[in-house]
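A short write-up of the structure that comes next.
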Amino acid sequence: MKIEVSAEQRSLQGKGASRRLRGSGKVPAVIYGGENAAQSIQLDHNDIYHKLALEAFHASILTLNVAGKKESVLLRDVQMHPFKRQVLHIDFQRVDKNKKIHMKVPLHFVNADISPGVKTSGGIVSHVLTEVDISCLPGDLPEFITVDLVDMTAGHTLHLSDLVLPKNIEIPMLVKGEDLPVAAIVIPRAVVSEEATTSETAAEEKTDES
């Protein structure tokens with residue numbers, strides 16, 4: 001998904017200026033990184049608030065249009081008001097298409113409902129991780145990574161090394177030897193108790209028959 005963000009140059013600095021800016025429906029922001037100096041900009045609050053609700057906005061190369069000049073950037077930090085639905089500040093980082101980036105991307109779990117652990121054993125999926133830190137060139141950045149649970153059985157745990165990664169994607173933690181769990185199928189206590197009771201009843205009936 002290609003997402004473009006429109007912005008304006010911001011000349012006034014300081015807490016007072018930022019407060020007035022927010023009062024006028026704008027959000028102070030900054031672009032940093034690359035060979036150019038950091039640049040202060042301002043965004044339309046309503047536009048950026050709705051864009052932040054998009055999952056892809058947090059894991060995509062964004063096009064930032066500042067007064068007609070476009071740059072490729074990543075969303076690096078968002079400061080929200082503690083209780084209001086208000087964006088206070090945003091940081092963007094410039095990207096170089098020839099240099100690898102580190103980015104957290106969401107995990108999309110599929111086929112849990114038809115996995116043996118859920119469908120046959122009555123288990124539920126426990127999501128240990130919902131996103132993963134990856135390394136790749138900007139042009140290879142995926143919006144998400146699909147995690148197929150179709151073959152998972154009860155008691156089975158899926159790890160980072162089990163993920164099917166898109167081309168040219170690396171997981172730094174795996175390189176370091178840290179193979180973290182991603183998801184597991186666990187059997188609820190109620191199901192275990194019911195199975196135990198059924199087994200006991202069957203055993204008692206067998207005893208009575210003998």
### Å² of accessible area per residue within the chain, as computed with a 1.4 Å probe and no ligands counted
61
### Task
Whole number please: convex hull volume per residue, Cα atoms of segment 25-181, in Å³.
147
### Query
So who's got an amide H within less than 5 Å of the one on residue 89, skipping anything under 5 residues away but keeping other chains? H placed 1.01 Å off N, in plane.
79
### Query
Carbon and sulfur together cover what percent of the accessible area of segment 17-113 at a 1.4 Å probe radius?
48
### Message
Placing unit charges on C-beta atoms (Lys and Arg positive, Asp and Glu negative, everything else neutral), compute the dipole magnitude of the chain about its Cα centre in debye, rounded to 20.
### Response
2120
### Message
Compute a Gaussian network model of the chain, connecting alpha carbons closer than 10 Å, and tell me which residue from 31, 41, 114 fluctuates the most.
### Response
114
### Summary
Between the Cα axis of helix 189-209 and the main Cα principal axis of the chain, the angle (0 to 90°, nearest 10) is 10
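What is the percent of Cα-Cα separations in segment 1-66 that go past 18 Å?
Values: 862 of 2145 pairs.
Everything past 18 Å amounts to 40 percent.
Is it possible to state the helix-based mean residue ellipticity at 222 nm for the chain, with each DSSP H run of 4+ residues giving -39500 (n - 2.57), the sum divided by total residues, to the nearest 500 deg cm²/dmol? What is it?
Numbers: 5 runs with 46 residues, N = 210.
Dividing the helical sum by the residues of the chain leaves -6000 deg cm²/dmol.
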## Note on the structure
For residue 130, the net charge from surrounding residues (Cβ-Cβ under 15 Å; K, R +1; D, E -1) works out to -3
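The values are calculated or read from the model by the stated rules, or taken from the named source; none is laboratory data. In this text the structure is predicted, and so the values were computed from the model without any measurement. Note that we place each Cβ from the backbone using ideal geometry, even for glycine, and neighbour counts take in every protein chain shown. Note: areas computed on protein heavy atoms with side chains; ligands, DNA, RNA excluded. Shrake-Rupley method; radii C 1.70, N 1.55, O 1.52, S 1.80 Å.
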